[in-house]
Amino acid sequence: MKTEIIERCRGKIQKKLALRGLPEITINIRHFDGPDRHGHYRLPEHEDHVHEPAEFLRDSRWFDKVIQQFKVAYYDLPHNTRKDIPYEVYLIEPLIRLGNAVIAGGLNWVIMGTLKNGEKYAAIKDVEVRPMLRGCSLMTLMTHAEMELAKERGCDFIHTWHSRENTTFLAVVAPELVAGFMFYRGDARDGEEYENAGCVHLRYYFDQEKDRNIGVLFKDGKEFKSPVGNPEIIHHLMKFEKYPGREIKRIEECKHKR
């Protein structure tokens, strides 16, 4: 599947940038060094020369504060993570060769930890596509790369969250919904921010028996089930041009069966 997605990305990039030939695309995964004796992690430099790595999309110091940033973005996961098992931190980059230059087409920042109940998670801290390459399926490519990495590392689930104020909300969540992620709503007492505070969460369980029947209610009264109704949810989100995430009113677990 990933090979097919890469070929799709190559064709779209060629068309968007009016290139003479198809660009080369490879997935690069950088494993953060750490933790050191102070509990800090460091993003290693590329072994091969990359003209514009992910650091060009963000201030490099941003990546050096990985755990601090994770704890700002999430509450429940780090709060319930076992302290005796170190985090694993990765940065996924689709590297694209354009002529003699190699650039990172985006970034996907993954933090793995083990909960007190024994479940291992992969939390997505940040995901971004280089502006000039948006609409070229790179978000889909990075979603599948993160799924492969999380499965390889023995994770039980992947957890993501997105701001409802994000103008690219649909472009970010659609690849996850197509891949089978479900909308997620935890306990209101877990300290996490949910749709009432402007955040929408999704989860993907590798053991699909753990999938729950989640109801997604929109402000216009339309209601769908996730993950079984993900295609209908994507279609409905497409009707809202600027801030589709704002149209989600409530996410809750359904009491009735699918």
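The values are calculated or read from the model by the stated rules, or taken from the named source; none is laboratory data. These figures come from a predicted structure and were not determined experimentally. Cβ: placed from backbone, ideal geometry, glycine included. Neighbour counts: every protein chain shown.
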(request) Answer yes or no as to whether Thr160 is under 23 Å from His79 (Cβ atoms), modelled with pLDDT of 95 or more, surrounded by 17 or more Cβ atoms within 10 Å (Cβ to Cβ) and of a type in the set (S, T, N, Q). (result) yes
(request) Kindly indicate whether any position in the stretch 175-183 is more than 24 Å from Ile111 (Cα to Cα) and either among the hydrophobic types (A, V, I, L, M, F, W, C) or touching a helix residue (DSSP H, G or I) at 6+ places or on another chain (Cβ under 6 Å) (or both). (result) no
(message) For the stretch 214-258, give me each residue that is surrounded by 14 or more Cβ atoms within 10 Å (Cβ to Cβ), charged (D, E, K, R) and assigned to a loop (DSSP other than H, G, I, E, B).
(response) Lys222
(request) State yes or no: is Pro35 more than 22 Å from the chain's Cα centre (by Cα) and under 13 Å from Ile111 (Cα atoms)? (result) yes
(message) Can you say whether Gly105 is over 23 Å from Arg203 (Cβ atoms) and touching a strand residue (DSSP E or B) at 6+ places or on another chain (Cβ under 9 Å), as far as the supplied structure shows?
(response) yes
(request) Give the residues of the stretch 39-78 that are β-branched (Val, Ile, Thr), under 18 Å from Glu93 (Cβ atoms) and under 19 Å from the mean Cα position of the chain (by Cα), sorted by residue number. (result) Val66
(request) Output the helices (runs of 4 or more DSSP H) that fall wholly within the stretch 1-95 and possess 1 or more residues being under 30 Å from Cys199 (Cβ atoms) and free of Cβ contacts under 8 Å to residues at least 60 places away in the same chain, or say none. (result) 60-64, 66-73, 76-79
